[in-house]
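Peer 1: Right, I'll just put the structure down here and ask away after.
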Amino acid sequence: MGIKGEITFPGDKSISHRSLMFAALADGESRISNLSTGADVQSTRACLEASGIIIHNDGDDVVVTGGKFSDPTQPLDCRNSGTTVRLLLGLLAGQGVNATFVGDDSLSSRPMNRILNPLSQMGMKSECNNGKLPITIYKSELSEIKYKSPVASAQVKSAVLLAGLGASGNTSFTEPILSRDHTEKMLLGLGANLSINGLTTTISQLSSPLFSFELSVPGDPSTAAFFAAGSAIVPNSEIILNRVLRNPTRIGFYGALQKMGAGMDCLEQWEEAGETIGKLKVFQQPLNAITITKDDVPGLVDELPILAILATQAKGKTEVRGAEELRVKECDRIHAVCKNLKNMGADIEELDDGFIIKGPTPLKGARIETFHDHRIAMAFTIAGLVSDGDVVLDHPECASISYPEFYDELERLKQ
Ligand code: S3P
């Protein structure tokens, strides 16, 4: 069996969340096609609708009418989505909305002080449960801050910049390492007054609505990574990944894959709406170990679980360090990866901030604890393609958080 054929992906999750939110701040109707089909982006849509924004489907497109936000009458349920709560909290705080945010058990255990600290420095009044959800924000006058973030996080950066759209003066945000820059790119293109100087982004209060827009969201490189990885480790594989986002802050995994020795060609590359997009071919070749350091992490943060699977099939010692952020994702991904890979017979050592994997080792079938984390479910499904014996996931359905079509598409490409 190999992984063969062509695949086109639903829109990038990060850009999909942002396109809904920025369309809500725009003048008139915006039309978005190829929006992510994942449940997380549905959560953002539902929260915006509950806050007074009109959104409707037109065929496969989603049409958002920008307008005034109103106080939601019920708590905003962000379900599993960290991007929904962190970005919307900044956005709604800036728009003077009173709202309560809630989420599922996973989201309710994730740290929110990273956004509450800068936003309260800007003047946001709020209540929370010890730095976690539920959080209630109260209409407040926000003013500029110059914030130096201790973490490289696009969610924190975006929360502060979006709050800055409603704050007096010029809000600036400095991060230690560049994280994904979709917020900056999109806001610049939509008429916000924003400037970037190295790792510092400065934004001014919005004096008129953003421009409305039409956007076809590029395919999600984090979703495509599972198929690229499958193709890199299953013998006789060759896959074409169509129209995948190639923003430089998002392609760390593809660089790593190439460095490990996988067959990879970029067949075409072009620009669309300020983003680089490409068509890639990935095929199986022997893999070598790789070292990932703190500076590399933001560029492949969501791809580290699947990179761990690749490392079990690569020759030598793969080290991932400086990745402590993985402990506060949808689950503790360092623990989830180490526990499940150990059960599959991999040689893996857990570190506080990453892991060490020695390979190659044959993997055996196992029952996988997904911790209801979509990326753990998809990564271990790919591990199952090369395991001797079946991989059985406890909650396969959680893949629908980012990619409901995952299992069907993988079946289609198995040949
Ligand atoms: C995201 C940022 C990242 C990433 C998440 C999506 C975003 O989180 O892990 O899946 O859309 O801004 P952090 O900013 O917390 O690293």
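Peer 1: Please name all residue pairs, on different chains or six or more residues apart, with Cβ atoms under 8 Å, provided the first residue is in the range 351-370 and is at positive phi and the second residue is in a loop (DSSP other than H, G, I, E, B) and among the aliphatic types (A, V, I, L, M).
Peer 2: Once the first residue is at positive phi and sits in the range 351-370, its partners that are in a loop (DSSP other than H, G, I, E, B) and among the aliphatic types (A, V, I, L, M) give 354/323.
Peer 1: While we're on this one: Please report, ordered by residue number, the strands (runs of 3 or more DSSP E) entirely within the range 344-392 with at least 1 residues that are under 21 Å from the mean Cα position of the chain (by Cα). Break it down into steps so the answer makes sense when it comes.
Peer 2: Numbers: elements: 347-351, 354-359, 363-368.
Filter on the range 344-392 gives 354-359.
Peer 1: How many residues, within the range 180-202, are assigned to a strand (DSSP E or B) and within 16 Å of the ligand (Cβ to nearest atom)?
Peer 2: From the range 180-202, those assigned to a strand (DSSP E or B) are 194-197, 200-202; that's our starting set.
Filter once more, so that each one left must be within 16 Å of the ligand (Cβ to nearest atom): 201.
Here the count works out to 1.
Peer 1: Follow-up. Test residue 244 against the stated conditions and say whether it is more than 29 Å from residue 294 (Cβ to Cβ), surrounded by 24 or more Cβ atoms within 10 Å (Cβ to Cβ) and under 23 Å from the mean Cα position of the chain (by Cα). Before you say what the answer is, go through the steps one by one.
Peer 2: Working: more than 29 Å from residue 294 (Cβ to Cβ): no; surrounded by 24 or more Cβ atoms within 10 Å (Cβ to Cβ): yes; under 23 Å from the mean Cα position of the chain (by Cα): yes.
When the stated conditions are applied, residue 244 does not pass them.
Peer 1: Checking residue 253 against (1) touching a Pro at 6+ places or on another chain (Cβ under 9 Å); (2) open to solvent by 20 Å² or more (accessible area, probe 1.4 Å), which test does it fail?
Peer 2: (2)
Peer 1: Looking at the range 64-100, which of the residues that are charged (D, E, K, R) and over 18 Å from the mean Cα position of the chain (by Cα) is most open to solvent (accessible area, probe 1.4 Å)?
Peer 2: Applying the first criterion (charged (D, E, K, R)) to the range 64-100 yields 68, 71, 77, 79, 86.
Okay, now just the ones that are also over 18 Å from the mean Cα position of the chain (by Cα), so 68, 71, 77.
Numbers: 68: 171, 71: 76, 77: 76 Å².
Step by step, filter the range 64-100, then rank; the result is 68.
Peer 1: Since residue 158 meets every condition but one in (1) under 25 Å from residue 296 (Cα atoms); (2) outside any strand (DSSP E or B); (3) out of contact with any Lys or Arg (no Cβ under 9 Å at 6 or more places or on another chain), which condition does it not meet?
Peer 2: Checking residue 158 against (1) under 25 Å from residue 296 (Cα atoms); (2) outside any strand (DSSP E or B); (3) out of contact with any Lys or Arg (no Cβ under 9 Å at 6 or more places or on another chain), the one that fails is (3).
Peer 1: Hey, residue 85 hits all of (1) more than 16 Å from the ligand (Cβ to nearest atom); (2) in a helix (DSSP H, G or I) but one; which does it fall short on?
Peer 2: Here residue 85 meets the rest and fails (1).
Peer 1: Being at pLDDT 95 or above and farther than 26 Å from residue 211 by Cβ, is that true of even one residue in the range 39-61?
Peer 2: First, pick out the residues of the range 39-61 that are at pLDDT 95 or above: 39-61.
Those left that are additionally farther than 26 Å from residue 211 by Cβ: 39.
The answer is yes, given that some residue of the range 39-61 is at pLDDT 95 or above and farther than 26 Å from residue 211 by Cβ.
Peer 1: Same structure again: Across the range 124-165, what is the total count of residues that are open to solvent by 30 Å² or more (accessible area, probe 1.4 Å), under 23 Å from residue 206 (Cβ atoms) and more than 16 Å from the ligand (Cβ to nearest atom)?
Peer 2: Within the range 124-165, residues that are open to solvent by 30 Å² or more (accessible area, probe 1.4 Å), under 23 Å from residue 206 (Cβ atoms) and more than 16 Å from the ligand (Cβ to nearest atom) number 8.
Peer 1: With (1) away from the ligand (no atom under 13 Å from the Cβ); (2) assigned to a loop (DSSP other than H, G, I, E, B) as the list, and residue 92 as the residue in question, which single condition is left unmet?
Peer 2: Unmet for residue 92, out of (1) away from the ligand (no atom under 13 Å from the Cβ); (2) assigned to a loop (DSSP other than H, G, I, E, B): (2).
The values are calculated or read from the model by the stated rules, or taken from the named source; none is laboratory data. Owing to the predicted nature of the structure, the values given are computational and were not obtained by experimental measurement. Cβ coordinates were reconstructed from backbone atoms using ideal geometry, including for glycine residues, and neighbour counts include every protein chain displayed. For accessibility, only protein heavy atoms count, side chains too; no ligands or nucleic acids. Shrake-Rupley method; radii C 1.70, N 1.55, O 1.52, S 1.80 Å.
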